[in-house]
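The values are calculated or read from the model by the stated rules, or taken from the named source; none is laboratory data. Computed from a prediction, not measured in an experiment: that's the story for all the values here. Cβ coordinates were reconstructed from backbone atoms using ideal geometry, including for glycine residues, and neighbour counts include every protein chain displayed. Areas reflect the complete protein model, heavy atoms only, side chains present, ligands, DNA and RNA absent. Shrake-Rupley method; radii C 1.70, N 1.55, O 1.52, S 1.80 Å.
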Amino acid sequence: MIPDKVPQEDVFHGSEDLKKTAHVCSFDKYKELYLKSVESPDEFWEDITKDFYWKTKHTGPFLDYNFDVTKGKIYIKCMEGASTNICYNLLDHNVHEKKLGEKVAFYWEGNEPGDELIVTYRELLQKVCQFANVLKSQGVKKGDRVSIYMPMVVELVVAMLACVRIGAVHSIVFAGFSAESLCERIMDSQCSLLITADGFYRGDKLINLKLLSDEALQKCRDKGFPVNKCIMLKHLSKGDDTSPGSQSPPAKRTCPGLQVNNKQQHQRFDDVPWNPEVDLCWLTLVGGASDKCEPEWCQSEDPLFILYTSGSTGKPKGVLHTVSGYMVYAAATFKLVFDYQPDDVYWCTADIGWITGHSYITYGPLANGATSVLFEGLPTYPDVGRMWAVVDKYRVTKFYTAPTAIRMLMKYGSEPVYKYKRDSLKILGTVGEPINPEAWQWYYTVVGERRCPIVDTFWQTETGGHVLTPLPAATPMKPGSATFPFFGVVPAILNESGEELEGPSEGYLVFKQPWPGVMRTVYGNHQRFETIYFQKFPGYYVTGDGCRRDEDGYYWITGRIDDMLNVSGHLLSTAEVESALVEHVSVAEAAVVGRPHPVKGESLYCFVTLTDGVTYNRALEAELKKQVREKIGAIATPDFIQNAPGLPKTRSGKIMRRVLRKIACDEHELGDISTLADSSVVEQLFQNRHCAAV
Ligand code: PRX
């Protein structure tokens, strides 16, 4: 399945320099290792697991599974019988066995240039142990779920690893989500405690996180699920303030012995709501906690974390990952895909609230003892050169971002890039959506100075780590292709009848067998897991993405083929946005489709049918946008809303989204519409397009 030969012309190669030291230095080497990974997985992964500390070793096969619903329950077990603790591997093992205590784990770079903090592995270990003791003192035990709703600060990593240390299961909710979304996730995973911060700045916009947290907890209470503990980190507020500072020591966020500069400390942020019956101050609690904490040894298949991702029914799915397989996979993909070397300064611009941040800011880099930049800010604040200023400042060697960010920065030309030195860069990466060849070329030429290979990594919240990806010194790159499978991953392309297609072809992207990092279940709903991923084509994991394989065997992701949209690299379900719209009293029905967007990839185009007697106007449009923002979060804000007195439906009442997508793009070639119940609505919708301010 991996071609014997790959083209040498019209492709891009990693530099000779890179090949000299790379872990996988040629395509032949990749092929050899790939074959080993699928033919002798035990042997292949055994070599990798040697890098970790195991309290007890595994007994059975490396992977034990059923991937076929017709043969019974779907299950995936990795390294049964082994026990370990990921936090111990990421921190204690690096500090004590690998002697990396004084190595920088994170350069934290705040929203404001000049806000910075350096944290070494030893300091991180101390902070995590202290906070693990705090969690224990609040009654959190192994297996309990803890919600984390925080900005991109070091304490977010501390909170997640403290959970891991005591065997609690973290559920991080991206700090851009609304109170309603947070409430839904807290209730679904039945969290007993919430960890949050007072607030943060995104560019010059203040996000009052505590207010949103309070709202979410009130909603939980109203729905009969009281969460009585909320630990708040004072990120913006001054430590000697009264509320809530009266119960806490001065909040100077320092690491002993390190120079700390945090301008945000000087901004006043006094109006933090505080309920002494529920709220607890991070600093007060940590002040009294010991920095020694024995790790809880966990079984391989114990739950590690839950992370919610959009589901096509509109209800988010709690993707559950487990201990050993996820750890090994996140670590191995990080090491090989970014060709990690000990002197690297690595920077992934994602937010830890998404899977990219979980696997490639926290788990993968720390498992390898890497030094990373942890960035709180925005690519455009205070100006559009910020990314490159940070690359220059820390001499970043490996840089990982999203195509949407590249497209946005491309608009401002090369000048803001050229202002800064990028000679430290060795490897560039992208994730989250297909990268268009034009953006790829700009990234390669302007940012990487034609020196740095680009790893276009295809994966999902569900896959835990990269599944299709180039290896930087081994795989000749084609702009826009995620190229070939990572080790242990066996892709196939199926047609609508579920037949495997050979050679150049296009169809459903599926995987034929598990790899260590694949999700294990949808939290609290195993049947949903089986239905979504395994029912359509028994024997395969269905990604929900379309894919083309070209004549050279390269894989090209063509985009989602379910009711999911990818807006700026974030998956959104059309059903979720539709249900937020119809909750408005003036909306009787809604249908949401994607419309290609030059920066975001896709934008949300919403058709709304109003209730009788309501007229469409700009004020209503603004209200509807606000409604979606409040129900889901700013990432789901509709770009266009169009009044749709009627929607194109089949005689059985099914909305023909295919037709709506054409209308959204003003494309009049509609194909076969003979199944429409009333074709006159189509003409009316084309005429109404101007109301959507396109
Ligand atoms: O459609 C694919 C797209 O993002 C989806 C997964 O989204 P999520 O679970 O939010 O995780 C995003 C970060 C891993 C996929 O089903 N996607 C992700 N990476 C790529 C991609 N599409 C094309 N090329 C990629 N490199």
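The table below gives the values:
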read-out: Only listed residue being open to solvent by less than 40 Å² (accessible area, probe 1.4 Å), more than 14 Å from residue 584 (Cβ to Cβ), in a helix (DSSP H, G or I) and β-branched (Val, Ile, Thr), chosen from 659, 599, 628; value: 659
read-out: All positions within the range 30-44 that are over 16 Å from residue 512 (Cα atoms) and within 30 Å of the chain's Cα centre (by Cα); value: 30, 31, 33, 36, 42, 44
read-out: Every residue from the range 399-444 that is open to solvent by 50 Å² or more (accessible area, probe 1.4 Å), out of contact with any helix residue (DSSP H, G or I) (no Cβ under 8 Å at 6 or more places or on another chain), under 26 Å from residue 336 (Cα atoms) and more than 14 Å from the ligand (Cβ to nearest atom); value: 423, 441
read-out: Every pair of residues 6+ apart whose Cβ atoms lie under 7 Å, when the first sits in the range 538-555 and is under 16 Å from residue 470 (Cα atoms) and within 15 Å of the ligand (Cβ to nearest atom) while the second is charged (D, E, K, R) and not in a strand (DSSP E or B); value: 554/478
read-out: Among (1) within 16 Å of the ligand (Cβ to nearest atom); (2) touching a strand residue (DSSP E or B) at 6+ places or on another chain (Cβ under 9 Å), the one test that residue 570 misses; value: (2)
read-out: Restricting the range 662-679 to residues that are out of contact with any strand residue (DSSP E or B) (no Cβ under 7 Å at 6 or more places or on another chain) and assigned to a helix (DSSP H, G or I), the residue that is least open to solvent (accessible area, probe 1.4 Å); value: 663
read-out: Residue match in the range 341-361 (condition: of a type in the set (Phe, Trp, Tyr), more than 16 Å from the ligand (Cβ to nearest atom), at pLDDT 95 or above and open to solvent by less than 10 Å² (accessible area, probe 1.4 Å)); value: yes
read-out: Residues of the range 445-457 satisfying the condition of being away from the ligand (no atom under 13 Å from the Cβ) and not polar (S, T, N, Q); value: 446, 447, 448, 449, 450, 451, 452, 453
read-out: Among (1) surrounded by 18 or more Cβ atoms within 10 Å (Cβ to Cβ); (2) part of a loop (DSSP other than H, G, I, E, B), the one test that residue 642 misses; value: (2)
read-out: Positions within the range 30-59 being over 29 Å from residue 86 (Cβ atoms) and either open to solvent by 70 Å² or more (accessible area, probe 1.4 Å) or touching a strand residue (DSSP E or B) at 6+ places or on another chain (Cβ under 7 Å) (or both), in sequence order; value: 32, 35
read-out: Boolean, residue 388 is within 16 Å of the ligand (Cβ to nearest atom) and at pLDDT 95 or above; value: no
read-out: Entirely in the range 275-337, the strands (runs of 3 or more DSSP E) that have 1 or more residues that are within 14 Å of the ligand (Cβ to nearest atom), basic (Lys, Arg) and within 15 Å of the chain's Cα centre (by Cα); value: 317-322
read-out: Every pair of residues 6+ apart whose Cβ atoms lie under 7 Å, when the first sits in the range 66-90 and is free of Cβ contacts under 8 Å to residues at least 40 places away in the same chain while the second is part of a loop (DSSP other than H, G, I, E, B) and open to solvent by 40 Å² or more (accessible area, probe 1.4 Å); value: 66/73
read-out: Identity of the residue in the range 84-118, surrounded by fewer than 20 Cβ atoms within 10 Å (Cβ to Cβ) and hydrophobic (A, V, I, L, M, F, W, C), that ends up nearest to residue 359 (Cα to Cα); value: 104
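Residue by residue, here is whether (1) within 16 Å of the ligand (Cβ to nearest atom); (2) open to solvent by 20 Å² or more (accessible area, probe 1.4 Å); (3) in contact with a helix residue (DSSP H, G or I) (Cβ under 7 Å, 6 or more places away or on another chain) holds:
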position: 459; (1), (2), (3): yes, yes, no
position: 465; (1), (2), (3): yes, no, yes
position: 472; (1), (2), (3): yes, no, yes
position: 475; (1), (2), (3): yes, no, yes
position: 478; (1), (2), (3): yes, yes, no
position: 495; (1), (2), (3): no, yes, no
position: 500; (1), (2), (3): no, yes, no
position: 510; (1), (2), (3): yes, no, no
position: 516; (1), (2), (3): no, no, yes
